[in-house]
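Computed from the coordinates by the stated procedures, all read-outs in this text should not be read as laboratory data. Source: prediction; values computed, not measured. Using ideal geometry, Cβ is built from the backbone for each residue, glycine included, and neighbour counts are taken over all protein chains shown.
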């Protein structure tokens, strides 16, 4: 366990000891209940850093994802799923990325003909699906289109919602009631007005304090009701009914007092009669932070909660009656700033001229190891700095509902910002614990297990009776992946029919051919590959219309659109020019020569006796490849009647290869001849293998385009989907070729690097990039996370 987490738990114990002085702690099952939920349901949360804020049709979205659990990187889950959804709710693409030490990265290519206003990004681990979907990562990315029109008009519709502190308005006691006013797209609205009693008297006034939020106090009488009359920014009057007043219950108020929280709990006489004591529990990251119990023989309960020893994040305060029924709940944000580390940013070389070289140096503090991502963009295309890795992982990923300009609440630690952040706590939903289930000891079994292993080659055998799988039984697998050398593997089968080779991690799409050893009696069995993988997402999903994207427009949008259109036109002209200049002349090659070029590689290229089975109509009348080769090559003796078939050449057995991988005769004999496209036989000695003194026979199975003229079953096989291929961002090096021979450079992302790693032994990282032909200043954004969970966000302009 990391030192920071140990400190977290130690601080909680200190807090418990301090706040409980003068109170009688009742030994209840609440401790075990919270511990059980914490052990079983520790949530994970995700943040994604993109290379820029908005994109044009056909561009690539480059991203890096950071995962946290409690206050540390989430290292248990090994796979991140990202759904790319259009603005109508239809799935465009689904990427799957491997998580290493809590981070991963990738890219998504926006279709050239995409016409939506934005793309919705939903990211999650398999484990995150056990929790409320509101806590998944969700983000709308604005898409600039060729038919983009600036200032698309829509009429804002303001509304207001009221949030009694603790959950209810209670008669006969003091109540603090917060409100939040916004339009239908979540933008804050300034309002002012009054709160009226049921007989029309003014109970209090309301006025926005910050970003559409504010609060007022009420002490309602039993049987009373309240209505708010308010005016929006256009002086239009509205009427909204407040939540109903409860005749019996508790009201809680939490106020900020430097490093402490002052808690006051008011309760009705009926509540005091029903429960002679109240229990108050604080939880943080689903761990118990404090627990106090106090008799209800006074008009109210007061307590001071020190928070300076707690980690930063959301502290939840819940009030229970003596039977542990939850009565009221309030969240407050603890900001001790221990969560941040400060990378130093220094420009080593300035290059603001056309295609000039730039060099920046990033230095991290001593004794930490950090994994960072760096983006450099044209500053004139604009940006959205309303949320970042700190504000998301500490705040917006932990509460329901959008937080407008969340980064503001971490801009400084002034009293004013702290008070504004407390308004966010009062007006946003939260519920991690289901207290009714937790107190009763009912901890539901998670529906989804964590992806604790990477997407490696694995499977389960079906159609086998218990006990039929003998010890030492193998499944024989032939894996075919694009741009990866094919491999023949013998993987042990477990008694329950499962198998796994963790050394083979699947990327992109792979074809897996399989068979069982004939002597093991599993001929009728079938295989399901990678049974634990999360099924693909639904092709449609519910996406809330986000017209607020329209108001993010600036003059930078038009500049970005102009450069993107020009870049597409340049790329199109370059492709046409390249095609015009390419002239290919060659002699016509025979079909067998074409097959040799198509199939052979490396040491298998060269002279040999070749057989084209695709164009040989006699091949398909043979039972196997050995019968086909019998008598076709002088000196090669083939006996297909033995088990396995035997071969002899110059007194020894030639080496067999299937798709250039060594294979034994038993396996080769099981390959259906309808699957074979090409055979190449090398006379002794064959220099391509370690047993080539007796020659070699290379057998190649069919590739795409070689359609079987006669249907045949062939080897059992299945298509397996693995991780999405991760590409490298292209950054030109203008020092290596002449500038005048290149097309005009109008890139708006000058540099993207998702893998900037620094450690105590290498505290400084130097990065270099080249300017384009049009940019005069750059925006550099650095985000990152340390091994102990500290976060960094640096944004700086180079001009």
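Couple of notes before you dig in:
- Highest mean packing first, where packing is the average number of other Cβ atoms within 10 Å per residue, the peptides 391-397, 456-462, 681-687 line up as 391-397, 456-462, 681-687.
- Normalised alpha carbon radius of gyration of the range 40-194 [divisor 2.2 N^0.38 Å]: 1.34
- Calculated FRET value between residue 262 and residue 528, using beta carbons and R₀ = 41 Å, to 0.05: 0.10
- Sites residue 440 and residue 145 - FRET efficiency at Förster radius 41 Å, r taken between beta-carbons, to 0.05: 0.15
- Normalised by residue number, the volume inside the convex hull of the Cα atoms of the chain is 218 Å³ per residue.
- Against the main long axis of the alpha-carbon atoms of the chain, helix 555-581 sits at an angle near 0°.
- The smallest convex shape that holds all Cα atoms of the range 237-283, its convex hull, gives 150 Å³ per residue.
- Against the chain, whose longest principal axis is taken from its Cα atoms, helix 415-427 shows a tilt of about 80°.
- Between residue 205 and residue 187, residue separation times 0.36 nm minus the direct Cα-Cα distance comes to 4.2 nm.
- Order of 752, 430 under a 10 Å beta carbon neighbour criterion, fewest first: 430, 752
- The calculated FRET efficiency for the pair residue 198 and residue 231, based on their C-beta separation and a Förster distance of 25 Å, comes to about 0.70.
- The chain, relative contact order [Cα under 8 Å, separation at least 6], %: 16
- Summarising the label geometry, the points placed 7 Å from Cα in the beta-carbon direction at residue 538 and residue 569 lie 4.4 nm from one another.
- Our estimate of slack between residue 274 and residue 637, defined as 0.36 nm per intervening residue step minus the Cα-Cα distance, is 121.0 nm.
- The range 169-246 - Kirkwood radius from inverse mean 1/r over Cα pairs (Å): 12.9
- Among beta bridges from DSSP that stay inside the chain, the antiparallel ones total about 95%.
- Part-to-part distance (alpha-carbon centres) for the range 413-491 and the range 250-271, which is given in Å: 40
- Label-zone membership for the range 496-517, site residue 449, 7 angstrom Cα→C-beta point, backbone N under 20 Å: 496-506
- Kirkwood Rh, angstrom, the range 599-702 [1 / mean 1/r, Cα pairs]: 13.6
- Cα gyration tensor, the range 237-370 - rounded (a/c under 1.5), prolate or oblate: prolate
- Taking each residue as 0.36 nm, the span from residue 238 to residue 308 lengthens on full extension beyond its C-alpha to C-alpha distance by 20.9 nm.
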